[in-house]
Amino acid sequence: MKQLLSPGGGTQPTKFTLCLMFAAVLLLPFATDALLGRGWVRIMDFAMLYIMLALGLNIVVGYAGLLDLGYIAFFAVGAYCYALTGSPHLALAFPLLFPDGLHLSFWLVVPLAALLAGGFGVLLGAPTLRLRGDYLAIVTLGFGEIIRIFMNNLNAPINLTNGPQGISRIDPISMAGVSLNATQEIFGIVLPSVHLYFYLFLGFAALVVFVSQRLEKSRIGRAWMAIREDEIAASSMGINTRNLKLLAFAMGAMFGGVSGTLFAGFQGFVSPESFSLMESIMVLCMVVLGGMGNIYGVILGGLLLALLPEVLRHSVVPLQQALFGKTLIDPESLRMLLFGTALIVVMLYRPAGIWPSRVRRRELETDEAAEIV
Amino acid sequence: MTVPLLELSGVGKQFGGLSALSEVSLHIKRGEIYGLIGPNGAGKTTLFNVITGLYQLNAGEFNFNGRSYQTPKPHFLAQAGIARTFQNIRLFANLTALENVMIGRHVRTKAGVFGALLRNKSTRNEERASTERARELLRYVGIVKAHQTLAKNLSYGEQRRLEIARALATDPLLLALDEPAAGMNATETESLKVLLQDIRSTGITVMLIEHDVKLIMGLCDRVAVLDYGRKIAEGVPDEVRQNPAVIAAYLGVDDAA
Amino acid sequence: MEIFLQQIINGLVQGSVYALVALGYTMVYGILGLINFAHGEVVMVGAMLALSALTALIGWDVSPLLALPLSLILAMAGCMALGYGIERVAYRPLRHAPRLAPLITAIGVSIVLQNLAMMIWGREYHAFPQLINNQPHHIGGAIINDIQIIIVIMAVMIMTGLMLVVHRTRLGRAMRAVAENQHAAQLMGVDINRVISITFMLGSALAAIAGLMVSANYGLAHYYMGFMLGLKAFTAAVLGGIGNLRGAMLGGLLLGLIESLGAGYIGDLTGGFLGSQYQDVFAFFVLIAVLVFRPSGLLGERLAERA
């Protein structure tokens, strides 16, 4: 029972199982490609991006307990950062300065975007962090909307964002001179573009997991959790709550910013509609539904919520065909209807998330132990 | 040596138009156990919150350990050496007892984000030292067996002890306890008394608010009495006990009568 | 000057609607400490129900003077049932769950309602039937029409009525008691579940009225209209101090005024750099500014120094 309750937490996975898992993940794009088609590999790529975002938000919401409803804004900052500096677009805004646009290397933009997004995080956090939880939520929500509205409208008088049309022709990401936008052959293995991006995103996601894990089990992580549990007690213990909350905001924002650059490079195109409030809410749902504060839970949440709408997309039409012989209900709204219902049902049956943090798990265990005694 | 550890002079605190404290002056000497009593609503908790930085004082002076503080923040005072417990226990409910005490070490440790990420030698050493010290303190207050239990699942008495351990983890000069014996039975109160005397013997100054007058009189070196936001008496327990103003305040007799 | 007056009028009308919706948010928050994210969708459902009923009744040659109140009552009844159901299904089972759990179910409800509405009423805009000869009146160069006058008057009446209910009746006293301290209220014999259900139903009834007002004012209703409206109304509630009824009204009116004045003058203020498409930005900027300088909202109690 104990092992069932605490996969990965109570019992450390052995080196062998780790290797096995690693190999399975490496083969995933090939298996997906063979079984479901290339479109699904692309969906997996997006799932990786969502996982990164969810882990970033988990630092803010899960560790430090700050409810952020505008998290997607940092993703947007990162995405536009690369869209502007890695495309011909700046030629439109400043034709004299950049006649061909600015084509910075992706690898140069990543740290810049991280810093910029982190800076935005601090900028937003500094005046608002003394607010109570729900006020913070609405302010972050407002901030997210402000960023989106500016992206939508900053095409005049200087065309900075190209408005609702968005920025296209963003340079693809390349590694060691190899473009990820084309099929490559490495050691005789043919790797289509979506596979290459999958491995790139996997690498970044692994980095984010590593950082999250290290932070969680550190002096900083404990201080965040102290703030989450009781801010007044935390400050009485000598924790500078303001600075640590800012740090959480900045760290979360940096993850968001980096994911944004990856998104821009992968899509080759960004527009404001990718950064709506619904996206922020989606990422928050991943964190809470999966299990706030637990890295594995958050990964699971990200994976589920990124895949579920796609699974529904591909199954509602055939399902209706099978049941009624024709498509009765608009598949798009049926899909979202089922999605919304799933959110409600999961929360009702698992209010702490599907895979709760070790704390909740330990609670279950102690309850059990108490019953035995 | 004659300089007191904590010195308040003319301290006042208003909430809106209401004056909760006025002209309160007192000093706490190094190494003593100092008690603060008074009827309900006398301003004890307000004074306590001023001393621990939760409230900012509106008037007067606040000196601690040879330094003057104007509007000190709680984390600043914790750094300076004032640690506290709470009347209505405020532990980090969903963290383990050990983690609770380790958070108390926060203010005496340094590792930042880079330390956490790189987990270099000094970070590892610091982490190990924190864990050890936290364990030691749990043993000291007598709940080391429960180190992996979530704070919220501890018994009431254990939670009180955990709060003291967490406060001690900050290496305080002054340990401030807000009604530590509230809700305890006679045996628990007695063992609390022993614990506090032991803490004092390690050189830590103790200040406490308490309703249990018997505990205060049996434990404290000096006692101050507050009534209506003013200090009406101060001195050794026996002296205070016989002070007519104190008797009047406690029995609700008008001063003029 | 005419522009100024016109924007004031527009702002007051829009603000009245915000205020009614904000009241729904603030009542629920006051009692449960919960952001009822689905409230905006209740407004939408109210508008759609009222509009459908109205169209049907007009189609049966019922006099508009009778059709309007009838469809309003129907929409209110429908929304009250909906509000009651939402609370029972999505919030009540989670009353002691982690704080964010009900937020997720609220989002779930919101998505479900939106898509149900899309299935029932389709993706297209529904036109509000021409009922009365919507007479424009000229005041000092600005124009206000009959519908706008009715909206403002109704909003004032409803808000007065609500204040009377909350401050003068047994029910209101029970609501305030639950908001102050649930546990104590229960000990005093207040049926908490009943009070909470009634609160949701009251808020939803207001939402239905607001829904009808918005669609009458703009002449349109749409399955997606609840989202932004709900967001703005919630902003208004926070602006005024969430949990505070007067705050919600004040916040709603202010937000309406700020938006319309902002939209009207932003071009002049920035020398044409920013246009009226920044209307929404204004609302959020003001919100952030207010919260930074007065963290508990305009009329909210100050909690800063209460440990």
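The values are calculated or read from the model by the stated rules, or taken from the named source; none is laboratory data. Just so it is clear, the model here is predicted, and its values are computed rather than measured. Cβ sites come from the backbone with ideal geometry, for glycine too, and all protein chains shown count toward neighbours.
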(Q) Please go through segment B:33-55 and give me each residue that is farther than 19 Å from residue B:231 by Cα and in contact with a Lys or Arg (Cβ under 8 Å, 6 or more places away or on another chain), ordered by number. (A) B:53
**Q.** Counted residues, segment B:68-117 - those being under 30 Å from residue A:254 (Cα atoms), assigned to a loop (DSSP other than H, G, I, E, B) and not polar (S, T, N, Q)
**A.** 7
**Q.** helices (runs of 4 or more DSSP H) contained entirely in segment A:70-144, each with at least 2 residues that are in contact with a strand residue (DSSP E or B) (Cβ under 7 Å, 6 or more places away or on another chain) and closer than 28 Å to residue A:282 by Cα
**A.** A:72-85, A:106-128
Q) Quick one: how many residues across segment C:66-124 are hydrophobic (A, V, I, L, M, F, W, C), in a helix (DSSP H, G or I) and within 27 Å of residue A:289 (Cα to Cα)? A) 18
Q) How many residues does segment A:135-149 hold that are facing chain C (nearest Cβ under 7 Å) and over 19 Å from residue C:294 (Cβ atoms)? A) 3
Q.
Checking the condition surrounded by fewer than 19 Cβ atoms within 10 Å (Cβ to Cβ), aliphatic (A, V, I, L, M) and in a helix (DSSP H, G or I), which residue from C:207, C:184 passes?
A. C:184
Q | Total residues in segment C:281-300, condition touching a residue at least 40 places away in the same chain (Cβ under 8 Å) and not in a loop (DSSP other than H, G, I, E, B) | A | 6
Q. Taking segment C:89-120 as the region of interest, how many residues are over 14 Å from residue A:337 (Cβ atoms) and more than 7 Å from chain A (Cβ to nearest Cβ)?
A. 9
Q) Within segment A:299-318, can you find the residues that are closer than 15 Å to residue A:338 by Cα and in contact (Cβ under 8 Å) with a residue 12 or more places away in the chain? A) A:304, A:305, A:306, A:307, A:308, A:309, A:310, A:312, A:313, A:316, A:317
Q.
For the list (1) within 30 Å of residue A:146 (Cβ to Cβ); (2) part of a helix (DSSP H, G or I), I need the number of the one condition that residue C:197 fails.
A. (1)
Q: Scan segment A:95-130 residue by residue and report those that are in contact with a Pro (Cβ under 8 Å, 6 or more places away or on another chain) and either within 14 Å of another protein chain (Cβ to nearest Cβ) or at pLDDT 90 or above (or both).
A: A:130
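One line per residue, one yes/no per condition, for (1) surrounded by fewer than 21 Cβ atoms within 10 Å (Cβ to Cβ); (2) within 12 Å of chain A (Cβ to nearest Cβ); (3) more than 20 Å from residue B:100 (Cβ to Cβ); (4) hydroxyl-bearing (Ser, Thr, Tyr):
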site	(1), (2), (3), (4)
B:133	yes, no, no, no
B:151	no, yes, no, no
B:164	no, no, no, no
B:201	yes, no, yes, yes
B:219	no, no, yes, no
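Rundown of residues vs (1) within 14 Å of chain B (Cβ to nearest Cβ); (2) crowded, with 21+ Cβ neighbours inside 10 Å; (3) of a type in the set (Phe, Trp, Tyr), yes/no style:
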{"residue": "A:163", "(1), (2), (3)": "no, no, no"}
{"residue": "A:170", "(1), (2), (3)": "no, yes, no"}
{"residue": "A:174", "(1), (2), (3)": "no, no, no"}
{"residue": "A:185", "(1), (2), (3)": "no, no, no"}
{"residue": "A:199", "(1), (2), (3)": "no, no, yes"}
{"residue": "A:203", "(1), (2), (3)": "no, no, no"}
{"residue": "A:225", "(1), (2), (3)": "yes, yes, no"}
{"residue": "A:241", "(1), (2), (3)": "yes, yes, no"}
Q | Number of positions in segment B:97-120 that are more than 8 Å from chain A (Cβ to nearest Cβ) and touching a strand residue (DSSP E or B) at 6+ places or on another chain (Cβ under 9 Å) | A | 1
(Q) Can you pull out every residue in segment C:117-151 that is within 24 Å of the chain's Cα centre (by Cα) and on the phi > 0 side of the Ramachandran plot? (A) C:122
